[in-house]
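Every number here is computed from the coordinates shown, using simple stated rules; none is lab data. Please read all numbers here as calculations on a predicted model, not as lab measurements. Using ideal geometry, Cβ is built from the backbone for each residue, glycine included, and neighbour counts are taken over all protein chains shown.
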Amino acid sequence: MDRTTQLTARRATHPDPVRTQTPPPSSGHAGKSRTHEAVYDPARLSAPLHLRAAQVLDSNWTGTSTVPSRSLYPHQWSWDSAFIAIGLRHLSPLRAQTELETLLDAQWDDGRIPHIVFNPSVPLDAYFPSPDFWRSSTAGRAAGAPRTVQTSGIVQPPVHALAVWLVHAADPGLSRARSFLPRMYPRLAAWHRYLLHRRDLGGGGLASVVHPWEQGMDNAPSWDAPLSRVMPAPARSFRRADLDHGAAEDRPTDLDYGRYVRLATDYRDGGYADGGHPAGGGGFAVEDPAFNALLIASEHALARIAGELGATGTARHARAERLTAALVDRLWAPAEGMFLCRDVRTDELIPERGVSGLVPLLLPALPRETAAALVRTLHGPHFGLGDTTRLVPSYDLTGHAFDPHRYWRGPAWFNTNWLLERGLRQHGEHARAHALRDALLETADTSGFAEYVDPYTGGACGALGFSWTAALTLDLLHEAPDAVHGTAREFGEDAEGGDLR
């Protein structure tokens with residue numbers, strides 16, 4: 001049967017979410033090549049959920065950081081480590097601090113935190129793009145790439161300050177004894193300066209991403225139009241390792257993958273420079289709502305950290321509020337009831353509804369009517385939460401590109417749903433948040449801590465034993481169901497006056 005018939009059949013049959021066979025893989029996780037872990041054994045469901053989540057994190061721990069999935073993604077990924085640390089704080093605050101310290105040790109002098117820190121013991125052919133593609137220590141020399149560790153040259157969403165604050169709060173005594181915050185704060189401040197100054201490519205105050213992998217939701221339909229202007233790299237210039245592990249129909253097309261490689265190659269060959277407005281060329285630059293919402297949340301967290309260090313945080317809170325206003329002004333689409341991405345080159349909103357446009361629900365200073373509209377959209381026909389879907393899908397259920405199994409074009413992800421659970425609590429939607437929390441825990445349990453799942457059935461897709469799924473499961477288990485999750489206090493709203501730059 002054809003592709004449409006296959007998808008219809010998948011929705012109608014609603015297979016058992018605990019699969020005994022590994023499902024077809026999908027597109028790369030923020031540029032990762034895709035394959036699968038060993039088949040999840042349902043017999044392990046007899047062990048308590050928190051113990052099984054801890055076992056996943058233990059098995060993926062390298063001694064200094066946690067790989068997303070041991071045999072598949074053998075390096076350290078940036079926003080993965082932030083989410084992992086948030087969960088690890090409940091097991092070992094020391095390990096959670098080490099996770100973030102290892103990542104920030106690879107920060108560039110210009111402030112950027114690279115999206116991959118490569119493990120030198122891993123063979124080059126185990127992953128593409130490998131360190132010899134990025135050439136960080138040479139191509140990134142002008143931008144201050146570290147010389148002792150190899151990294152990629154692009155970034156990922158800035159969850160890090162929020163993670164640092166939450167890890168500190170898990171054991172303030174240990175944090176103070178190790179001077180964790182004094183060491184982390186200047187690095188996080190430099191990271192935010194980089195994004196707010198080097199990456200304000202649209203001139204409207206928001207940070208832009210210059211590659212789909214930077215936003216973390218690679219292969220999302222929101223990138224299709226901006227990518228269409230990019231001349232793909234010749235097929236003979238690279239080898240797609242991802243197709244060794246999965247069906248081509250569930251992965252980016254050869255054309256799009258060639259465009260990913262072209263963008264990364266051009267950025268590398270330009271010395272990873274971020275200068276200038278891209279309107280005059282064929283570059284990719286997009287203002288994304290989730291990326292900027294996480295930057296705003298982390299600005300609030302930096303204000304809280306400043307207060308802990310004896311300074312004041314008024315300037316950072318004010319900056320977060322200005323960024324929230326810019327986010328609403330530039331990316332809010334009232335007719336859609338959600339935020340959309342803006343193509344910086346055309347200065348137009350991209351008419352694709354993705355989960356990224358719901359993530360700003362996380363923000364404490366979001367206008368009340370905007371938050372209410374997001375809640376309606378979340379539970380409406382486009383995302384169907386609590387009605388047709390178990391978890392929030394990554395893309396519009398009614399969209400032309402929707403596929404419940406294709407990477408970021410429909411499957412549900414645990415990190416985005418965790419953020420939305422926090423957002424619902426932030427805006428007083430405690431019953432809805434509680435229902436989403438229960439669905440997340442049940443799905444993590446039955447899917448074997450899958451990387452992502454079918455949004456209708458909760459059926460496992462991608463890698464099993466995935467680190468951020470296990471980590472965020474631990475975080476949800478350690479939150480009382482009726483707790484006010486993501487309160488103003490957590491974001492630092494009660495910090496008093498001033499600034500620490």
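For the reader, a short list of remarks on this structure follows.
- Relative contact order for segment 254-354, counting Cα pairs under 8 Å that sit 6 or more residues apart, in percent: 28 percent
- Note on E321/A431: beta-carbon distance plugged into 1/(1 + (r/R0)^6) with R0 of 22 Å gives a FRET efficiency of 0.15.
- Residues whose amide H falls under 5 Å from that of Y452, counting only those 5 or more places apart or on a different chain, are C461, A463, with hydrogens built in the peptide plane.
- With 0.36 nm allotted per residue and the present C-alpha distance subtracted, the H400-D254 stretch has 50.6 nm of extension available.
- Applying the criteria of a DSSP loop state and at most 16 other Cβ atoms within 10 Å to the trypsin sites (Lys or Arg not before Pro) of segment 393-480 yields no site.
- In sequence order, calculated HN-Hα J values of segment 188-199 (Karplus, 6.51, -1.76, 1.60; Hz; x Gly/Pro): 5, 4, 5, 4, 5, 4, 4, 5, 6, 10, 6, 10
- Dipole magnitude for segment 407-472: about 220 debye, using +1 per Lys or Arg Cβ and -1 per Asp or Glu Cβ, origin at the Cα centre.
- For S222, net neighbour charge (Lys/Arg +1, Asp/Glu -1) across residues whose Cβ lies under 12 Å away: -4
- For P232, neighbours were defined as the other residues whose beta-carbon sits under 9 Å from its Cβ, and their charges (Lys and Arg +1, Asp and Glu -1) total 0.
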